[in-house]
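Here's a structure for you.
The values are calculated or read from the model by the stated rules, or taken from the named source; none is laboratory data. Predicted, not measured: the structure shown is a model, and the values here were computed from it. When we count neighbours, we look across all protein chains shown, and the Cβ atoms used for this are built from the backbone with ideal geometry, even at glycine.
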Amino acid sequence: MDKTCALVLAAGDGKRMKSRHPKVLCEVLFKPMLSWVIDSCRLAEIEELCVVVAPDADEVRAVLPEGCRTAEQAEKLGTGHAVMMAADFLEEHRDCSVLVLCGDAPFVDEETIRGALREHRENGHDLTVVAARLEDPTGYGRIIRDENGGLRAIVEQRDADEKTRLIQEVNSGIYWFEAAFLLDALNKLGTDNAQGEYYLTDTVAIAVSEHRPAGIYRAESPDVILGANSRKELARLNEIARKRVIERQLDQGVNIPFPDSVVICPDTVIGRDTTVLPGCILRRSRIAEGCLIGPYTMLTGCEVGEGARVEQSTGEDSQVAGGARIGPYARLRPGSRIGAGAKIGNFVEIKNSRIGEKTSAAHLSYLGDSDVGKEVNVGCGVVTANYDGKQKFRTRIGDRAFIGCNTNFIAPVSAGAGSVIAAGTTVTEDIPDDALAVGRARQETRPGWAREKGKYRR
């Protein structure tokens, strides 16, 4: 029997988190806790997934991958009750090994899932509980072993006596079941406990009483069981995840001299000898070798080429070629492509534009919906006026053009290769290659006027 499926319990609300959003959508390193759990299941090659949600959980459904099933739990009557709500899914997978886990424990990993399944199958278990040892087990169900070290019971914190509460081995909330056994056990659950709920942990007592094979898999790291029931606990999860990623990046040759203020998400790849300075947040990005990132830089969905520098800037869904320099205080909006050796400097905003190799826009400019060639000089205060109130239009600037300060391009318009545009020009017509364009009022100077009209001066 090689088939597997997974059931993720995610029907909780956000009341204890002081949130109007479901708890499982609270983020660890900018990723919902539920998505962490589902991704681990997928990495462990569990393709058939069902998530137990609240009836009004459209937000939760929105983050689920395509093909993921859902079951609704209208009343919150315990973990056993949550699993009952997925009875149809379990019945369809009666011949499978089913993984049951919580959607608010983001650190469950592929290795733990696979290791527990291996333990489950090699020993022919109907039920295998993933356990962990905690220095402070408060709040967790305790693992009760028999005289041979086997699984005898799980006792919830509220139902535990003083002696039982001293046990440091706890239930992770992660289980492998044989689906047929689980379906049978669900019909035997009751609510005779301190909380008046259907405990999934009572399936252990059922297995023991019926002499069904059941066992324990001890997780290598206690972190796999960690969840969050408050903002403080969520912050702790974020810090644990942040440090893990930082350590991995350091081991791979990334230079992070002041790691305490750096956030790198696990979906970011960074090459050797790249330096990441304080205050950086890096998400969904790929950064090549030998770059300088930061300080105080946020990149989301960006690609940065070898040897590039991005200083005190933000970038989203953009590309920066090797040797380019971005910042300080630049902004790359989605769809920006910066060529090799280009310079995008102080307070320059690029949006949905291609900037050619060795082109320089050093300060105080906006280039939106533009195609800018190679070795172009973009003077201070240049603006591409790309929007007429109804539609957006592109501006095209050829190689080696010289754009004087305070030039406005009223798109759609183009400036040819080698053209020169005088400072203060408003461009409303296409400019041929190698032409000079001047579009401004002619200066008029009146000698002595200021002295004669001095009474108007402040």
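Starting from region 146-160, take each residue that is under 23 Å from ASP192 (Cα atoms) and list its partners that are part of a loop (DSSP other than H, G, I, E, B), counting only C-beta distances under 6 angstrom and pairs at least six apart or across chains.
ARG152/ASP146; ILE154/GLY141; ILE154/THR201; GLU156/GLY141; GLN157/GLY139; ARG158/ALA194; ASP159/ASN193; ASP159/ALA194
Moving on to the next point. When you scan region 183-194, do you find a residue that is in contact with a strand residue (DSSP E or B) (Cβ under 7 Å, 6 or more places away or on another chain), under 19 Å from SER209 (Cα atoms), among the small types (Gly, Ala, Ser) and not in a loop (DSSP other than H, G, I, E, B), even just one?
No - not one qualifying residue is present in region 183-194.
Tally the residues that are more than 17 Å from CYS380 (Cα to Cα) and assigned to a loop (DSSP other than H, G, I, E, B), restricting the search to region 420-435. If you could, list the steps in order and put the result at the bottom.
Residues of region 420-435 that are more than 17 Å from CYS380 (Cα to Cα), as a first pass: 428-435.
Going one step further and asking which of them are assigned to a loop (DSSP other than H, G, I, E, B), we end up with 428-430, 432-435.
Total satisfying the criteria: 7.
Does region 400-419 include one or more residues that are of a type outside the set (A, V, I, L, M, F, W, C), within 29 Å of ALA330 (Cα to Cα) and surrounded by fewer than 15 Cβ atoms within 10 Å (Cβ to Cβ)?
no
Identify, please: which residue in region 180-220 is under 24 Å from GLY12 (Cβ atoms), at pLDDT 90 or above and of a type in the set (Gly, Ala, Ser) and is, among those, surrounded by the fewest Cβ atoms within 10 Å (Cβ to Cβ)?
GLY190
Just wondering, is there one or more residues in region 337-353 that are surrounded by 20 or more Cβ atoms within 10 Å (Cβ to Cβ), touching a Cys at 6+ places or on another chain (Cβ under 8 Å), without any contact (Cβ under 8 Å) to a residue 60 or more places away in the chain and assigned to a strand (DSSP E or B)?
No: zero hits.
Of the conditions (1) within 18 Å of TYR199 (Cβ to Cβ); (2) part of a strand (DSSP E or B), TYR140 satisfies every one except a single condition; which number is it?
Single failed check for TYR140: (2).
State which residue is surrounded by the most Cβ atoms within 10 Å (Cβ to Cβ) when the search covers only region 358-382 and only residues that are among the aliphatic types (A, V, I, L, M) and more than 21 Å from GLY322 (Cβ to Cβ).
Looking at residues that are among the aliphatic types (A, V, I, L, M) and more than 21 Å from GLY322 (Cβ to Cβ), I get VAL382.
Go through region 163-190 and report how many residues are polar (S, T, N, Q) and in contact with a Ser or Thr (Cβ under 8 Å, 6 or more places away or on another chain).
Within region 163-190, the first condition is being polar (S, T, N, Q), and the residues that meet it are 164, 168, 171-172, 187.
Right, trim to in contact with a Ser or Thr (Cβ under 8 Å, 6 or more places away or on another chain) and you get 171.
So the answer is 1.
Considering only region 1-43, state which residues are on the phi > 0 side of the Ramachandran plot and without any contact (Cβ under 8 Å) to a residue 40 or more places away in the chain.
Across region 1-43, there are no qualifying residues.
Output yes when any residue across region 39-53 is in the same structural domain as GLU156 (by TED's automatic domain parsing), touching a Phe, Trp or Tyr at 6+ places or on another chain (Cβ under 8 Å) and not β-branched (Val, Ile, Thr), and no when none is. Reasoning before the result, please.
Let us first name the residues in region 39-53 that are in the same structural domain as GLU156 (by TED's automatic domain parsing), namely 39-53.
In the following step, the residues that additionally are touching a Phe, Trp or Tyr at 6+ places or on another chain (Cβ under 8 Å) were identified as 50.
Subset that is not β-branched (Val, Ile, Thr): 50.
Scanning region 39-53 turns up at least one residue that is in the same structural domain as GLU156 (by TED's automatic domain parsing), touching a Phe, Trp or Tyr at 6+ places or on another chain (Cβ under 8 Å) and not β-branched (Val, Ile, Thr).
I'm trying to understand the selection: among the residues of region 377-410, which are over 17 Å from ILE344 (Cβ atoms), in contact (Cβ under 8 Å) with a residue 12 or more places away in the chain, among the small types (Gly, Ala, Ser) and not in a strand (DSSP E or B)?
Answer for region 377-410, where residues must be over 17 Å from ILE344 (Cβ atoms), in contact (Cβ under 8 Å) with a residue 12 or more places away in the chain, among the small types (Gly, Ala, Ser) and not in a strand (DSSP E or B): GLY398, GLY404.
Being touching a residue at least 40 places away in the same chain (Cβ under 8 Å) and closer than 18 Å to PRO22 by Cα is the requirement here; does CYS50 meet it?
Yes; evaluated as a whole, the condition is true for this residue.
For region 222-248, which residues satisfy the criterion of being of a type in the set (A, V, I, L, M, F, W, C) and touching a residue at least 60 places away in the same chain (Cβ under 8 Å)?
VAL224, ILE225, LEU226, ALA228, LEU234, LEU237, ILE240, ALA241, VAL245
Only one of GLU452, GLU429 is over 23 Å from LEU364 (Cα atoms), out of contact with any helix residue (DSSP H, G or I) (no Cβ under 8 Å at 6 or more places or on another chain) and modelled with pLDDT under 95. Can you tell me which?
GLU452
Next question. Out of the residues in region 144-168 meeting the condition of being out of contact with any Lys or Arg (no Cβ under 6 Å at 6 or more places or on another chain) and closer than 16 Å to THR79 by Cβ, tell me which one is surrounded by the fewest Cβ atoms within 10 Å (Cβ to Cβ).
This residue is ARG158.
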